[in-house]
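Colleague: Please see the structure below; I have some questions.
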Amino acid sequence: MIKPGGRTLGAVDGTVSELYLDATVIGFSDVLLKNRKGNLTDSDITYLTRIKDNGAHLLSTIGDILDLSRIEAGRLEVEIESVGIKGVVMDVFESIGTTARNPAVQLIAEVPDGLEPLRTDRLRLRQVLVNLIGNALKFTSEGSVRVRVVANGPKPRMIEVADTGIGIPADRIAAVFRAFEPADNTTPRRYGGTGLGLSISQSLCELLGYRLEMESEEGKGSTFRIILH
């Protein structure tokens, strides 16, 4: 098992936020894809879908970069409240369930009933789970992605995300927590992504007072654990 040590991105110039204007492209492509007049060809729809998908990817990347910049500058604020952990997990599952997923991968939740609420930032905890579960699904072609909450009586102690995917080489485990550093040089080409999700997740866990740990075996899968207490 390893307790990852990460590094955050350098301060990003505020003008990056202006790129959010490109989000209007996603809205326009959504409108056009409805093809209300029925005059779009199959090729038109294919191109518009690519525009929409690439725009969404760009918007997500910009958001990740800005989050890292705020974390490093100490400007990312958290809003602590009482949060039901089961509700957060099921909300993430419902959100992911609306996207296209590989039917050969089973998504499983194991969350006990009757858990005490966490004092945490619901939005940021959800962001960490979306990153971890999304990564697990991306790198798993068959088998399962299992999310398990471990408790001591009614007190939640740990959230575990385990997959049966490709795993990570032992000499690259620490690297995946560094911004823009994938498990290997072929990962971005094969699976997409910028390599920011795990770096952000680690920083958010630290901000919330948690610890993010992982273990992985190449060819057998990975397990990420959010240690709550």
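Colleague: From (1) among the small types (Gly, Ala, Ser); (2) in contact with a helix residue (DSSP H, G or I) (Cβ under 7 Å, 6 or more places away or on another chain); (3) modelled with pLDDT of 80 or more, pick out the condition that doesn't hold for residue 17.
Modeller: For residue 17, the exception is condition (3).
One line per residue, one yes/no per condition, for (1) of a type in the set (A, V, I, L, M); (2) at pLDDT below 70; (3) under 18 Å from the mean Cα position of the chain (by Cα); (4) within 21 Å of residue 128 (Cα to Cα):
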{"residue": "3", "(1), (2), (3), (4)": "no, yes, no, yes"}
{"residue": "8", "(1), (2), (3), (4)": "no, yes, yes, yes"}
{"residue": "32", "(1), (2), (3), (4)": "yes, no, no, no"}
{"residue": "36", "(1), (2), (3), (4)": "no, no, no, no"}
{"residue": "57", "(1), (2), (3), (4)": "no, yes, yes, yes"}
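Colleague: Test residue 150 against the stated conditions and say whether it is assigned to a strand (DSSP E or B), modelled with pLDDT of 95 or more and crowded, with 20+ Cβ neighbours inside 10 Å.
Modeller: So residue 150 fails the test.
Here is a yes/no grid of residues against (1) closer than 25 Å to residue 167 by Cβ; (2) free of Cβ contacts under 8 Å to residues at least 12 places away in the same chain; (3) in contact with a helix residue (DSSP H, G or I) (Cβ under 8 Å, 6 or more places away or on another chain):
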| site | (1), (2), (3) |
| --- | --- |
| 89 | yes, no, yes |
| 109 | yes, no, yes |
| 114 | no, no, no |
| 122 | no, no, yes |
| 126 | no, no, yes |
| 131 | yes, no, yes |
| 135 | yes, no, yes |
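Colleague: Now a separate question. Considering only helices (runs of 4 or more DSSP H) fully contained in segment 34-144, which possess at least 1 residues that are outside the structural domain of residue 211 (by TED's automatic domain parsing) and surrounded by 13 or more Cβ atoms within 10 Å (Cβ to Cβ)? Before you say what the answer is, go through the steps one by one.
Modeller: Values: elements: 42-73, 85-97, 122-138.
Once the helices (runs of 4 or more DSSP H) in segment 34-144 are filtered for at least 1 residues that are outside the structural domain of residue 211 (by TED's automatic domain parsing) and surrounded by 13 or more Cβ atoms within 10 Å (Cβ to Cβ), what remains is 42-73.
The values are calculated or read from the model by the stated rules, or taken from the named source; none is laboratory data. Computed from a predicted structure; not experimentally measured. No Cβ is skipped: glycine too gets one built from the backbone with ideal geometry, and neighbour counts run over all protein chains shown.
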